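What follows is a set of notes on a single structure, which appears directly below.
The values are calculated or read from the model by the stated rules, or taken from the named source; none is laboratory data. On a predicted model such as this, the values are computed, not experimentally measured, just so you know. FYI the Cβ positions are ideal-geometry reconstructions off the backbone, even for glycines, and counts take in every protein chain you see. These area figures cover heavy atoms from the full protein model, side chains too; ligands, DNA and RNA do not enter into them. Shrake-Rupley method; radii C 1.70, N 1.55, O 1.52, S 1.80 Å.
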Amino acid sequence: MLDCWGDSGSMPFAQLHYPFENKEEFDRLFPADFISEAVDQTRGWFYTLLAMSTLLFDRAPFKNCIVLGHVNDKNGIKMSKHKGNVVDPWSVLDKQGADAVRWYFYTSSAPWLPSRFSADNVSEAQRKFMGTLWNTYSFFVLYAEIDGYDPRKYRLDDCALTQMDRWLLSGLNSLIAYVDDCLDKYMITESSRRIQEFTDNMSNWYVRRCRERYWGSEMDDDKIAAYTTLWHTLVTLSKVIAPFTPFMSESIYANLVRNFYPDAPESVHLTDFPVCDERYVDKDLERDMDIVLQAVALGRAARNKVNIKNRQPLSRMYILGDKRPSDSGVLALVGGELNVKSVELAEGESNFVTYDIKPQLKTLGPKYGKLIGAIRAHLAGAADPAAIVAAVSDGGVYKTVIEGQECEFTSDDLLISPINKEGYASESYGGMTVALDISLTPELIDEGIARELVSKLQTMRKEAGFNVTDRICVSYIASGRAADVLERNGGVARDVLADCVKGGAAEGYVKEWDINGEQVTLGVKRS
């Protein structure tokens, strides 16, 4: 199986090039005078056909015409040799590859708009999409090699798919339908950005939440479903992106398909474009997962606001607002991602957060003049600040009477600052508010220390050059709560594949750490 997968899982992007060995080969095949003549002839034929079609048929000789905008430098200035701001395309192609250049132009702006080009911009586009996809592909290949996964043995329809599997497959088939429709309409930017969004969700949500499914020692039904879902998604996605990034898609297809199915089309570019399979499309699940992802983003922001790491478990989280999932079971995903024991839908935002509301003088001053003082007093003494915030959200208007005069305020007229009630950290956006219960019990504190220790030991495993399957022995010098947690080593040992955890001295690869304010020395060595 190792020979079958080959080494493409670690192929650097530098190997993905344009279809010419070098600039000299291009110049030999297409001399400058040939290019100039071809351009002139093409321009002449175009105008001739346009004139003839207009005269004879009173319509254009084409159905669609995309006119490309100017390619400017990184500052938006037109490239010119005398200004010295021209970018040699071969330097970018040699360093980052043709796929990265193509992807940058697809996603940066609509083709007919001016674009700003630089090597840094190409690198950023490459990182966001190509790097993310390649990391996901490499993750799959790594664990597929370890477990000897053979896609010929399993059918997607026979797998016991989890909720996460069904969500990924639903998103994949929705993506196929969307991209197919966009390409029919020459909507390149929209389709490429949707591909990038799907790839980000696949990597940073699906794989993140499913990693432990690939780590199990047994090839059980759940692991088979995880492998088969991800294999099917990567293969299908390689066909979707083939018109956009032809070389990268070819590498993925060749390794995941041709190595196992020698009778399959020789190239991804000889396959049909995928067709949306409606059996797997579940729009309710996709909407529910969008709510989950928004709640997770707000939860992370709330943690950051009060400087509580994600490795520190919390007891409860409340989700408030009009956005409610149709299946409350998806809330468990929020708890798992944010390390919260319980996630609940709740009412009454005022139980968790209040607001400090002040007048925006730039807008209210010209409208109400001398009434500003009374407006400030009214807003400061409001019985229900949340009602004012709700009234102006989503473009609404808050209406009231102050000193006998009718007043109307929009969100632009108010300075709104949320204030967490004691014991909670909250964050709001887009009609949703999340509130975290940040009170910590001794049990939660100990669990947070255990997670910090696991994180540090995993880092040491990697730095020491251990394989992901190597069993290790952990030794330590510690005191206080950290020592107590290490003495009850069950959870720590399991998560880092440790056969023993012993105190008194640190042996092997040794490193000192600050674990929530306590100094701990850890040592790791192979068992």
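Can you tell me how much longer the chain between Asn307 and Asn64 gets when fully stretched, taken as 0.36 nm per residue apart minus their C-alpha distance, in nm with one decimal?
82.1 nm
Using just the C-alpha positions of region 69-111 as equal point scatterers, what log10 of I(q)/I(0) does the Debye formula give at each q in 0.26 1/Å?
The Debye formula, applied to the Cα set alone, gives -1.06.
Applying 1/(1 + (r/R0)^6) with R0 = 56 Å to the Cβ-Cβ distance of Thr189 and Glu518, what FRET efficiency is obtained, to the nearest 0.05?
Computed FRET efficiency for Thr189 and Glu518: 0.60.
For the peptides 218-229, 497-508, what is the packing order when you average, over each peptide's residues, the other Cβ atoms within 10 Å and list the highest mean first?
My ranking of the peptides, most packed first, is 218-229, 497-508.
Evaluate E = 1/(1 + (r/R0)^6) for Ser417 and Lys511, where r is the Cβ-Cβ distance and R0 equals 45 Å; express this FRET efficiency to the nearest 0.05.
It comes out at approximately 0.60.
Over the Cα atoms of the chain, what is the Rg over Rh ratio if Rh follows Kirkwood?
Using Cα coordinates only, the ratio equals 1.04.
Run the dipole for the chain about the Cα centre, Lys and Arg Cβ at +1, Asp and Glu Cβ at -1, nothing else charged, and hand back the magnitude in debye, nearest 20.
With only Lys, Arg, Asp and Glu charged at Cβ, the dipole is about 1280 debye.
Determine the per residue accessible area of the chain with all protein chains present and a 1.4 angstrom probe, expressed in square angstrom.
Per-residue accessible area for the chain comes out at 53 Å².
Taking a ≥ b ≥ c as the square roots of the Cα gyration tensor eigenvalues, with a/c under 1.5 meaning rounded and otherwise prolate when a/b beats b/c, else oblate, which class fits region 39-161?
Since a/c reaches 1.5 but b/c is at least a/b, the shape of region 39-161 is classed as oblate.
For region 131-199, just run the numbers: alpha carbon Rg, then divide by 2.2 N^0.38 Å, N being how many residues it has.
Working it through for region 131-199, the quotient is 1.37.
Net charge near Ala110, counting Lys/Arg +1 and Asp/Glu -1 over other residues with Cβ under 12 Å of its Cβ?
Charge balance near Ala110 sits at 0.
Computed on alpha carbon atoms, what radius of gyration and Dmax characterise region 347-425, expressed in Å?
12.9, 40
Using alpha-carbon positions, what is the distance between the centroids of region 50-101 and region 299-368, in Å?
That distance is 46 Å.
Which stretch or stretches of region 320-354 have amide N atoms under 18 Å from the point lying 7 Å from Arg488's Cα along the Cα→Cβ direction?
It comes to 341, nothing else.
Just tell me which lysines come within less than 29 Å, Cα to Cα, of Lys462; anything on the same chain fewer than 8 places away is out.
Lys95, Lys128, Lys223, Lys309, Lys502, Lys511, Lys525
Need the list of aspartates and glutamates near Lys63 for cross-linking: C-alpha distance under 13 angstrom, and skip anything on the same chain fewer than eight residues off.
Partners found: Asp184.
Keeping the other protein chains in place, figure out the carbon and sulfur percent of the accessible area of the chain, with a 1.4 Å probe.
Carbon plus sulfur share of accessible area: 51 percent.
Aspartates and glutamates near Lys74 by alpha-carbon distance under 18 Å, same-chain residues fewer than 8 away left out - which ones?
Lys74 reaches Asp88, Asp120, Glu124.
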